[in-house]
Amino acid sequence: MTRPIEATTVKKSLSAHAAIGLLASALLYIVSLTGSVAVFYQELQRIEQPGAPEMATLTPQAAQRGVEAVLATEAGKPTTTHLYVHMPIEDLPRATVTTDTQAFHLDADGAIAGPEQIAWSDFLVKLHYTLNLPALWGITIVGILGVMMLALTVSGVGAHPRIFRDAFRLRARSGNGAGITDWHNRLSVWTLPFSVAIAFTGAMIGLATVTAYALAETRYDGEVEAVYGPIFGEEGAADPAPAPVPNVAAALQHMRSEYPHVRVTYAILHDPLTKGQHVQIVGEHDKRLIFGEYYGFDAQGRFHHTAGMADGTLGQQAAASTYKLHFGTFGGLPVKLAYLVFGIALTAICATGTYMWLGKRARRGIHSPRMTRAWHGVVVGTPVALLATATARIVAGNDFPFALGFWVVFAAIVTVAALSAKGSNARAQHWEAGVPGTVR
């Protein structure tokens, strides 16, 4: 009497196992596609808010006026712990001041020109970075997806001993899926260095965050800053007693005179308007992959030290180099275009790989037409949902709930696609037989 129950249990377990695999594939597909588009995050900001003032440079005095103006608007709000001054750069020639609760564009004189309104661009980056989940949960999942992508890339090469010899072999489209399989394998070879770099750096960024929080809880009484301090520079002792606005202009002027070869990208105020406040300047170095070096100043603008991102330990320099390598923010527009092309190829690899897996299951007699239809929904629904949110940005404005809108549209498309597999079992299996499979 137990055999039918055991058979049913096994069948349900296999279905659950397959569904989990399909969910992981869907998330990997979403992360790959959004990452391809998010390479142009800076350009998207300019498209999304075309009327913001732009300038080639911002003087230290203008930056100081902007900091003072924004801090004046913080009265009555929760105390901000960090204030960021984005300095104009070639890809994004805008000056923006961001606090914990608000962000404003500045004009060339440092006056507030209006609020920053780039909610769709920020939504896109958060979708790629955290899948719109709470930060720690989301970045953990994305980091695991990076490890999965790296494992799939390495194992895929090992599973096909002729993959490099057949790098340009493309068979005609046929019922057994040979054409799709060849495209999957060829794209995997052509983009191999890119795929490894993206997967490895993505896993590093995601899992390093998890590791930092774990270390903070076990060794530093929950202080995450203490974990990051040896790499990115110490925060300094907090002193909440009131203090005047720090001298950001002096720090920026010091950078101009003492480090003229460094491109300043950010000025960061830690614990502004308190006696524990200090200033950090982030500066890019030519011909380096590091996102920048941290230059530390006190509240009066007196230089203290660098963090060592440019000339510190190899571990520090490696950690500082993962971000540009992952997001393609080096080498200008040609590199971004290359990342777009390779990113779309990587997205196609994710899509075709899952089709091949579904086809292999079908040839083994495990027919899952609803699951296959659902995968169609994922492949089509992700770009459609992104376009829907972009349209909502134009029609409804900056305050539209983009994350909610994306997931509602995406879920609706996948659900409709899955339900469309209803019908006679014979018809469903006949349709599924056309799913590309692995050709031996």
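Data for the structure
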quantity: Per-residue ³J(HN,Hα) for the stretch 282-295, Karplus 6.51 cos²θ - 1.76 cosθ + 1.60, θ = phi - 60°, Hz, x for Gly and Pro; calculated: 9, x, 7, 10, 5, 6, 10, 7, 4, 5, x, 9, 8, 10
quantity: The chain: Lys pairs at Cα distance under 21 angstrom, eight or more positions apart or on different chains; calculated: 10
quantity: Exposure proxy order (Cβ contacts within 10 Å, fewest to most) of ILE141, ILE180; calculated: ILE141, ILE180
quantity: Neighbour-count ranking [beta-carbon atoms within 10 angstrom, fewest first] of ILE394, ILE290; calculated: ILE394, ILE290
quantity: Ranked list, fewest to most other Cβ atoms within 10 Å of each Cβ, for HIS304, HIS376; calculated: HIS304, HIS376
quantity: Amide H contacts of GLY114 (H built 1.01 Å from N, under 5 Å, at least 5 apart or other chain); calculated: HIS105
quantity: Stretch gain in nm, segment ARG363-GLU90, where the contour uses 0.36 nm per residue and the Cα spacing is subtracted; calculated: 92.9 nm
quantity: With at most 16 neighbouring Cβ atoms within 10 Å, loop GluC sites (Glu not before Pro) (DSSP) excluded, longest segment of the chain; calculated: 235-440
quantity: Normalised contact order of the stretch 97-153, rounded percent, pairs of Cα under 8 Å and 6 or more residues apart; calculated: 16 percent
quantity: Label-point separation in nm, LEU419 to GLU217, each point 7 Å along Cα→Cβ; calculated: 4.0 nm
quantity: Mean residue ellipticity (222 nm) of the chain, computed from DSSP H runs ≥ 4 via -39,500 (n - 2.57), nearest 500; calculated: -20000 deg cm²/dmol
quantity: Size descriptor, Kirkwood hydrodynamic radius, that averages inverse alpha-carbon separations across the chain, Å; calculated: 24.5 Å
quantity: Residue-by-residue Karplus 3J(HN,Hα) for the stretch 329-344, coefficients 6.51, -1.76, 1.60, Hz, glycine and proline x; calculated: 8, 9, x, x, 4, x, 5, 5, 5, 5, 5, 5, 5, 5, x, 5
quantity: The chain: relative contact order in percent, alpha carbon pairs under 8 Å with at least 6 residues between; calculated: 17 percent
quantity: Efficiency of FRET between VAL154 and ALA75 - r from beta-carbon atoms, R0 51 angstrom, step 0.05; calculated: 0.40
quantity: Inter-label distance for LEU136 and VAL341, nm, one decimal - labels placed 7 Å from Cα along Cα-to-Cβ; calculated: 4.3 nm
quantity: Backbone HN-Hα couplings from phi across the stretch 352-363 [Karplus 6.51/-1.76/1.60, Hz, Gly and Pro as x]; calculated: 5, x, 5, 4, 5, 5, 5, x, 5, 4, 5, 5
quantity: Residue among TYR84, TYR339, TYR220 with the largest mean-square fluctuation in a Gaussian network model of the chain, springs linking Cα atoms under 10 Å; calculated: TYR220
quantity: Crossing angle, helix 2-38 versus the chain [Cα axis fit, 0-90 degrees, rounded to tens]; calculated: 40 degrees
quantity: Estimated distance in nm for a label pair at GLN317 and GLN61, the labels positioned 7 Å out from Cα along Cα-to-Cβ; calculated: 4.0 nm
quantity: Largest-first principal axis extents, alpha carbons of the stretch 303-425, Å; calculated: 74, 44, 27
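No lab work stands behind these numbers, since they all come straight from the coordinates. Quick caveat, the model's predicted, so the values are computed rather than measured. Please note: Cβ atoms are built from the backbone with ideal geometry, for glycine as well, and neighbour counts cover all protein chains shown.
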